[in-house]
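First comes the structure, then the notes that go with it.
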Amino acid sequence: MSEKKVGLQLFSLRQFLRTEPEMVDTLKKVKAMGYDNVQVSGFGKIEPKRLKELLEETKLLPCSYHDMFHSITEKTEELVKLCKIMGYTSVACAVPPDDMMSEKGYTNIGKRLSKAGEVLLKNGITLCYHNHAFEMMRYGGKTGLEIIYDESDPRYLQTELDTYWLAFGGGDPADWINKYKDRCPIIHLKDMSVHWNQVRMSEVGNGNLNWNGIFKALKGTNCRWYFVEQDHCGGNPFDSVKMSFDNLKKMGIN
């Protein structure tokens, strides 16, 4: 298994993963950029065994996976089978349903994910929660994200903090990393820039986030994987994810 921490969340290149020929071409390009590890999301229709073959042929390690809340909580055993086929050691809940975005809903999310996480952990799989900005809304003094983690068992639900969305929601990514330093096996790296008073998602190192502070905080955690993710790119997505990789290398992160 690769000892390098940096990987790519393939959702960043989802428009180039719709057919098998596109998948083959895209995975080869990702490997050529220098990435060894990937988090799987955004693929078109393909059988897991075939996808595993494509990743093995490209020498990319599929160490993690994104799935939806209901699939994780209602089809947990099926998810375990998928993870065993693909070799995923972690799964992250990508986003909860709209009707659960409330104080009561976040409490329910934490409890239900914790229950699914117990099943996953028994099979050697770590469950995480991926935040966006909406969980930063406060309910009685707590953010929705805090409610999720307070209402879940730390053994069964870990964090997958997203640097951009934390900052977009008014938080300091380094503070959140320190807050959950014992529950932080995965982090999503993306930067925040401003163009004529409009906030934009940008390549790691090309924006205004405090990367020295973020990586200093990460040193005090059990974080194993640093996944580059850029939901929206101003230009060519391949150029963007390559730029993030190169900038991280210049920072001494690999």
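Return yes or no: is Asn37 under 30 Å from Leu145 (Cα atoms) and more than 19 Å from the chain's Cα centre (by Cα)?
Values: under 30 Å from Leu145 (Cα atoms): yes; more than 19 Å from the chain's Cα centre (by Cα): no.
Criteria not met by Asn37.
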task = Taking Thr143 as the residue in question, decide whether it is under 17 Å from Ala92 (Cα atoms), among the hydroxyl-bearing types (Ser, Thr, Tyr) and surrounded by 14 or more Cβ atoms within 10 Å (Cβ to Cβ).
result = no
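Right, Val199: touching a strand residue (DSSP E or B) at 6+ places or on another chain (Cβ under 7 Å) and part of a helix (DSSP H, G or I) or not?
Numbers: touching a strand residue (DSSP E or B) at 6+ places or on another chain (Cβ under 7 Å): yes; part of a helix (DSSP H, G or I): no.
The answer is no for Val199.
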Considering residues that are under 20 Å from the mean Cα position of the chain (by Cα) and outside any loop (DSSP other than H, G, I, E, B), the number found within the stretch 119-142 is 10
Considering the stretch 206-232, residues that are touching a helix residue (DSSP H, G or I) at 6+ places or on another chain (Cβ under 6 Å) and surrounded by fewer than 18 Cβ atoms within 10 Å (Cβ to Cβ), and then whichever is nearest to Phe168 (Cα to Cα), we arrive at Gly213
Within the stretch 1-30, the residues that are part of a loop (DSSP other than H, G, I, E, B) and either surrounded by 15 or more Cβ atoms within 10 Å (Cβ to Cβ) or modelled with pLDDT of 95 or more (or both) are Lys4, Lys5, Leu17, Arg18, Thr19
Please determine whether any residue of the stretch 235-242 is closer than 26 Å to Met23 by Cα, of a type outside the set (Asp, Glu) and modelled with pLDDT under 95.
yes
Of the residues in the stretch 39-92, those that are out of contact with any strand residue (DSSP E or B) (no Cβ under 6 Å at 6 or more places or on another chain), among the charged types (D, E, K, R) and not in a loop (DSSP other than H, G, I, E, B) come to Lys49, Arg50, Lys52, Glu53, Glu56, Glu57, Glu74, Glu77, Glu78, Lys81, Lys84
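Kindly provide the set of residues from the stretch 120-140 that are under 23 Å from Arg155 (Cβ atoms) and crowded, with 17+ Cβ neighbours inside 10 Å, ordered by number.
Applying the first criterion (under 23 Å from Arg155 (Cβ atoms)) to the stretch 120-140 yields 120-131, 135.
Leu120, Ile125, Thr126, Leu127, Cys128, Tyr129, His130, Asn131, Glu135, listed by residue number.
Going by the structure shown, is Arg112 of a type in the set (D, E, K, R), out of contact with any Lys or Arg (no Cβ under 7 Å at 6 or more places or on another chain), surrounded by fewer than 24 Cβ atoms within 10 Å (Cβ to Cβ) and in a loop (DSSP other than H, G, I, E, B)? Please lay out each step first, then the result.
Working: of a type in the set (D, E, K, R): yes; out of contact with any Lys or Arg (no Cβ under 7 Å at 6 or more places or on another chain): yes; surrounded by fewer than 24 Cβ atoms within 10 Å (Cβ to Cβ): yes; in a loop (DSSP other than H, G, I, E, B): no.
So Arg112 fails the test.
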| said: Can you confirm whether Thr107 is among the polar types (S, T, N, Q), touching a residue at least 40 places away in the same chain (Cβ under 8 Å) and closer than 23 Å to Ser202 by Cα? | reply: no
Exception for Met101 within (1) touching a helix residue (DSSP H, G or I) at 6+ places or on another chain (Cβ under 7 Å); (2) without any contact (Cβ under 8 Å) to a residue 40 or more places away in the chain; (3) closer than 30 Å to Gly140 by Cα falls at (2)
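In the stretch 205-235, how many are part of a loop (DSSP other than H, G, I, E, B) and touching a Cys at 6+ places or on another chain (Cβ under 7 Å)? Can you show your working first?
First, the residues of the stretch 205-235 that are part of a loop (DSSP other than H, G, I, E, B): 205-210, 219-224, 229-235.
Those still in the list that are touching a Cys at 6+ places or on another chain (Cβ under 7 Å) too: 221-223.
Final tally of qualifying residues: 3.
The values are calculated or read from the model by the stated rules, or taken from the named source; none is laboratory data. Since we're looking at a predicted model, the values are computed, not measured. Here Cβ is always computed from backbone atoms with ideal geometry, including for glycine, and neighbour counts include all displayed protein chains.
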